[in-house]
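Computed from the coordinates by the stated procedures, all read-outs in this text should not be read as laboratory data. Predicted, not measured: the structure shown is a model, and the values here were computed from it. Positions of Cβ are backbone-derived with ideal geometry, glycine not excepted, and every protein chain shown enters the neighbour counts.
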Amino acid sequence: MHRYFTRRKPSIARELRSLLGSRRGDFGRVNAWGPDLGARLVDFSLRGKMVRGGLLLLGHEMYSDGKTASRPVLRAAAAIEIIHSSLLIHDDIMDNDRLRRGGRTIYVQYEQAGRRARAADPAAFGRSMGICAGDVGYFLAWEILSGLAMDARRKASLLALVSRELSYVGLAQMQDVAFSAFPRVPSREDVLALYMYKTARYTFALPLMAGALIAGASDGERRKLCDLGERLGVVFQLRDDELGVFGSEAETGKPVGSDIREGKKTLLYLELIRGTRGAERRRLEELFGKPDLSASESRRVREAIERAGARGTLEKLMEGLAGEARRIIGSLAVSKEHARVLMEICEQSLDRKR
């Protein structure tokens, strides 16, 4: 993680604790689950890197003469992190992932609570409570954003931006579910479009544009940030694909081979299938989506990926996108220091190990 995010995380974390802590009494008037959820959201969010909140602060700082982030900007960054946590909560339910950020996923925490309280069906209880928890997080974040003390027109534009981009995330998530549910092998263009709208724009373009919008950056600069975010985000997702297969649980915080077990139609999967034929291809297709995938079977898939040259294809694609990102950074109307930070983030996205 870039040191910029390391430096900014404490201030975002303090704001997030304050915002969720201030709702404890209000939520407690509804029922006991309210304060409980607030505590779980704080813990879950603080275990993340807070890259999206940090990028919002960076986007603002680049176009506000380097001024220290004001309270509304920090609140916006905290809201983005709450949205991110809520998306992860729902994503883990859909993917049946039981580990996230080095700990139990939220729905698994509720499943265990249900088991301790002798719920009739602890698994169903956990999933249902997790869905509710993610929903509450979305609405809470929206309340925070709608209450920001800032110019009314800019705030309206900010809310419209966040709404549009999160709608794209939801639609792309539906596509991701469909890819796993049906046997059709998607095209490279299909997969890259999924990456663009599920991860790239939401992870990089949205927070950069949101911070710049709050600071009053021009439409032209925000469009460049969108283009930059798309390229950085696709690099991020492609590296995520590789780590999902080749990374360790200690590095990623998720079970080894989880993408294979879930049958994810990633670009790595696509290049593997395109690079194999006959009986080997059929054997590999049987392993993708196998819930009880063994360590030896996971290793067999990794070896096949290397033989097919799929990993090398991903590396070339990432290098090309990183080159485009560097050119966009060079065209931005920002200080040399901020351009340097963006360049370093680009390189770290390319080389990250977790």
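Values for this structure:
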quantity: Cα-based Rg and Dmax for region 1-149, where Dmax is the largest Cα-Cα distance (Å); calculated: 16.2, 58
quantity: The chain: calculated mean residue ellipticity at 222 nm from DSSP helix runs of at least 4, using -39500 (n - 2.57); calculated: -24500 deg cm²/dmol
quantity: Within region 319-333: backbone nitrogen closer than 20 Å to the Tyr168 label point (7 Å, Cα to C-beta); calculated: 321-329, 332
quantity: For a label point 7 Å along the Cα-to-beta-carbon line of Met1, residues of region 88-127 with backbone N under 16 Å; calculated: 100-103
quantity: As computed over the chain, the Cα convex hull volume per residue (Å³); calculated: 131 Å³
quantity: Low-density loop positions, trypsin sites (Lys or Arg not before Pro), region 126-189 - DSSP coil, at most 10 other Cβ in 10 Å; calculated: Arg184
quantity: Kirkwood hydrodynamic radius of region 152-354, from inverse mean 1/r over distinct Cα pairs, in Å; calculated: 18.2 Å
quantity: Relative contact order, percent, the chain [alpha-carbon distance under 8 Å, six or more residues apart]; calculated: 17 percent
quantity: Length-normalised contact order for region 152-354 - Cα pairs under 8 Å, 6+ apart - percent; calculated: 22 percent
quantity: Gaussian network model of the chain, Cα within-10 Å springs - most flexible of Gly25, Gly147, Gly134; calculated: Gly25
quantity: Residues of type lysines that Lys224 reaches as a straight line, Cα spacing below 18 Å, ignoring anything fewer than 8 places off in the same chain; calculated: Lys336
quantity: Chain lengthening between Ser18 and Phe246 when straightened (0.36 nm per residue, less Cα-Cα); calculated: 78.2 nm
